[in-house]
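Below is one structure, written out as structure tokens; comments come after it.
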Amino acid sequence: MPAKIVVQNLTKTFASDSGGLRVLDGISFTVDDGEVLAIVGPSGCGKSTLLNIVAGFERCDEGSVIIDGTKLARPSSNGILISQHGSVFPWLTVQQNLMFGLNGHAPNDKESLADRYAAMVGLKGFEASYPHELSGGMLKRAELARALVVKPEILYMDEPFAALDALMNLRMRTELLRILAKERHTVVMVTHDVEEATHIADRILVLSPRPTRIQATFEVSLRHPRILTGPEVQELRTAILRELGVDSFSA
Amino acid sequence: MTTMRRLKQALPSLTVIAVLIGAWWTVVIATGSVIFPTPWQVVNGVGELMRDGTLWQHIAASLFRVGSGFALAALIAIPLGLWMGWTRGAFQTLNPLIQMLRPISPIAWIPIAILWFGVGNASPIYLIFISSVFPMVVQTIAGVHTIERRYLWAAANFGVSRYTLFRRVVIPAVLPQIIVGMRIGLGVAWLVVVAAEMIALRSGLGYLIIDSRNAGNRYDLVIAGMVMIGLIGLMLDGLMRLLERLKSVRWRYAR
């Protein structure tokens, strides 16, 4: 079965005062249909740039992104990006946000779909609320629901839960896993949080510092629900941290 | 409870005003000025204008001119600012012209206003228009230019048309800054009403001020006119600020 996403030899250089700053240096990987791929790397290595290119929002200097056999030219509603800083429209209610991307539906269908997905992420009763009336965790749920309601095949997640406190982060991960078990999506997620990656991903790519290359790949064959304090997850976490140059954790 | 809280909130600014009025009164009495009025003489002057009915005529005339000039400016500035902010070509073509016209004082436009529109309501309306249109254009352009990329990307991600993107993302995202531009524009409109009504008109608070000075140094009425402009300006700004309470705009304000 051919890969859902094929990323070939991506190269990206940003202009800087001291000449070009090469960020991505020949990145290649594939993502299978229904797979959850996590990309971890040190801060500033270009994780978000890589994800933005794969989602079609930024252009690369060289290389290509192929989705379902077609070269990606621009973003599409087939692959929704959940951004690091959140992009729920603050001037729309939760329901209006969820209805935003529902083109080609009758107004009544839009409302019922939006309400169903709001309920699915635990926002029942908050459909008429504006984003500034919600907590950080609720905002993330709204953003997730807005992405899911258009039934995308791919979710691109850029540090999706980084701004949340540890407890809410864990809850949101569990929520995401519950949804992924029910609705099939291919997920490409970048994160600096190794625990998050080991909790969710089927495969983990570790990026090197700039110029960024793929330094290591970890297949995660552990079944869900994973015991985060269990020896397998801890072993995996230690191995990834070692790749990232954080040996003290394993000492 | 709410009234008490409002009074408590207003207390510091009311105290500042009371102190200034007290200082004004003291200085006038201490210097024994026969021309410059005390606050009480100003109050009497306002009473005199209210009794003979001219105050309401002046206020109505000024409100009509400020309202017309400002409304015309808003009607042109907001769509123009949105267009210039959104379309690079429009910005590059028109921005130099806007920046050239913007610093010209409304007073410099008086001879041209008389030449074009003659002596009547049209000239002061034009002056008020020309002075309040630019702050609104500039503020709206800045609003469009500073829309956060994440919102534009999110909209593009859902595959909406350019028209929908403009209508459902750009305009609501810029609305808080449009309101700021309108508040600045309205303030400037009141600022120039005195100069605008100097153009041989026989009504308006600006005319009241000039006429009171020319016809016998009635500085109590001069200051009465100034106070009325200030109070009406404050009330109109308060009305404009009600727009900030809209839930679809509230997100932009921390408090």
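The values are calculated or read from the model by the stated rules, or taken from the named source; none is laboratory data. Every value quoted in this text rests on a predicted model; they were computed, and no experiment measured them. Note that each Cβ is placed from the backbone with ideal geometry, even for glycine, and that neighbours are counted across all protein chains shown.
Only one of (1) over 30 Å from B:Arg245 (Cβ atoms); (2) charged (D, E, K, R); (3) free of Cβ contacts under 8 Å to residues at least 40 places away in the same chain; (4) within 14 Å of chain B (Cβ to nearest Cβ) fails for A:Lys110. Which number is that? Looking at each condition in turn, A:Lys110 falls short on (1).
Residues of the stretch B:13-26 being under 14 Å from B:Gln41 (Cα atoms) and among the hydrophobic types (A, V, I, L, M, F, W, C), which ones?
If we filter the stretch B:13-26 for residues that are under 14 Å from B:Gln41 (Cα atoms), which is where we start, we get B:21-22, B:24-26.
Once the filter is applied, which keeps residues that are under 14 Å from B:Gln41 (Cα atoms) and among the hydrophobic types (A, V, I, L, M, F, W, C), the stretch B:13-26 yields B:Ile21, B:Trp24, B:Trp25.
Listed by position, the helices (runs of 4 or more DSSP H) enclosed by the stretch B:112-212 that each have at least 1 residues that are under 23 Å from the mean Cα position of the chain (by Cα) and touching a residue at least 40 places away in the same chain (Cβ under 8 Å) are B:122-145, B:171-191, B:193-196. State whether the residues of the stretch A:232-250 include one that is out of contact with any helix residue (DSSP H, G or I) (no Cβ under 9 Å at 6 or more places or on another chain), surrounded by fewer than 17 Cβ atoms within 10 Å (Cβ to Cβ) and not in a helix (DSSP H, G or I). Among the residues of the stretch A:232-250, at least one is out of contact with any helix residue (DSSP H, G or I) (no Cβ under 9 Å at 6 or more places or on another chain), surrounded by fewer than 17 Cβ atoms within 10 Å (Cβ to Cβ) and not in a helix (DSSP H, G or I), which makes the answer yes.
How many residues are part of a strand (DSSP E or B) and of a type outside the set (Ser, Thr, Tyr) when one looks only at the stretch A:1-42? Break it down into steps so the answer makes sense when it comes.
Residues of the stretch A:1-42 part of a strand (DSSP E or B): A:5-16, A:19-31, A:36-40.
Still in the running and of a type outside the set (Ser, Thr, Tyr): A:5-10, A:12, A:14-15, A:19-27, A:29, A:31, A:36-40.
Here the count works out to 25.
Restricting to the stretch B:89-100, name every residue that is closer than 22 Å to B:Ala189 by Cβ and touching a Phe, Trp or Tyr at 6+ places or on another chain (Cβ under 7 Å). If the condition is that a residue be closer than 22 Å to B:Ala189 by Cβ and touching a Phe, Trp or Tyr at 6+ places or on another chain (Cβ under 7 Å), then B:Ile98 is the only one that fits.
Among the residues of the stretch A:43-81, the ones that are among the hydrophobic types (A, V, I, L, M, F, W, C), away from chain B (no Cβ under 14 Å) and part of a helix (DSSP H, G or I) come to 1 in all.
On inspection, A:Glu195 passes the criterion of being surrounded by fewer than 22 Cβ atoms within 10 Å (Cβ to Cβ), modelled with pLDDT of 90 or more, out of contact with any Gly (no Cβ under 6 Å at 6 or more places or on another chain) and assigned to a helix (DSSP H, G or I). Restricting attention to the stretch B:213-255, the residues being assigned to a helix (DSSP H, G or I) and either away from every other protein chain (no Cβ under 14 Å) or under 20 Å from B:Pro39 (Cβ atoms) (or both) number 26. Could you go through the stretch A:95-104 and let me know if any residue there is over 22 Å from B:Pro172 (Cβ atoms) and within 12 Å of chain B (Cβ to nearest Cβ). Yes, there is a match, as at least one residue in the stretch A:95-104 is over 22 Å from B:Pro172 (Cβ atoms) and within 12 Å of chain B (Cβ to nearest Cβ).
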